[in-house]
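Note sheet for the following structure.
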Amino acid sequence: MGRTVLPFSKVLEEEFQEWKKFRRALRKEDQLFLDRLFERARLHVQAGVYASRPWPFETILISILLEHEKALVELKEKLRSLEKESESKENHLHSALSEP
């Protein structure tokens, strides 16, 4: 008989369960970060269904990396915006101070 393919959400949950001992060995703050990583993977469960990878953990890692990449780009954009704002204020202050 053929093997039944589990729904990816179930595979993800099983993978999380397999990491429970590792999780318990972590400090409390790191446990929360590990939980957040798996939460990030859960955001892409629907896409994971289509991945059909022999090792589902690859799909989980890619999902996590995708969320990290999005956050990184967002932070870079915010930083650029703040730098421009700061530059603008600095230029405005310079011009105000140099006026007679």
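Computed from the coordinates by the stated procedures, all read-outs in this text should not be read as laboratory data. From a predicted model like this one, the values you see are computed outputs, not experimental measurements. Cβ placement follows ideal geometry from the backbone for every residue including glycine, while neighbour counts extend to all protein chains displayed.
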- Query: What are the ³J(HN,Hα) values, in whole Hz, obtained from phi via the Karplus relation 6.51 cos²θ - 1.76 cosθ + 1.60 with θ = phi - 60°, for each residue of segment 39-47 in sequence order, with x given for Gly and Pro?
  - Reply: 4, 4, 5, 5, 5, 10, 4, 4, 5
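For the chain, what does the helix formula give at 222 nm: sum of -39500 (n - 2.57) over DSSP H segments with n ≥ 4, over the residue count, nearest 500 deg cm²/dmol?
-27500 deg cm²/dmol
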- Under a plain spin-label model, where a point goes 7 Å from the Cα along Cα-to-Cβ, how far apart in nm are residue 32 and residue 93? 3.4
- Relative to the longest principal axis of the chain, what angle (0 to 90°, nearest 10) does the C-alpha long axis of helix 8-18 take? 90
- Message: Can you tally the lysine pairs in the chain where the Cα-Cα distance is under 16 Å and the two residues are eight or more apart, or on different chains?
- Response: 4
- Query: Roughly what % of Cα-Cα distances in the chain sit above 18 Å, to the whole percent?
  - Reply: 63
- Order these peptides, 65-72, 44-51, by their mean beta-carbon neighbour count within 10 angstrom, highest first. 44-51, 65-72
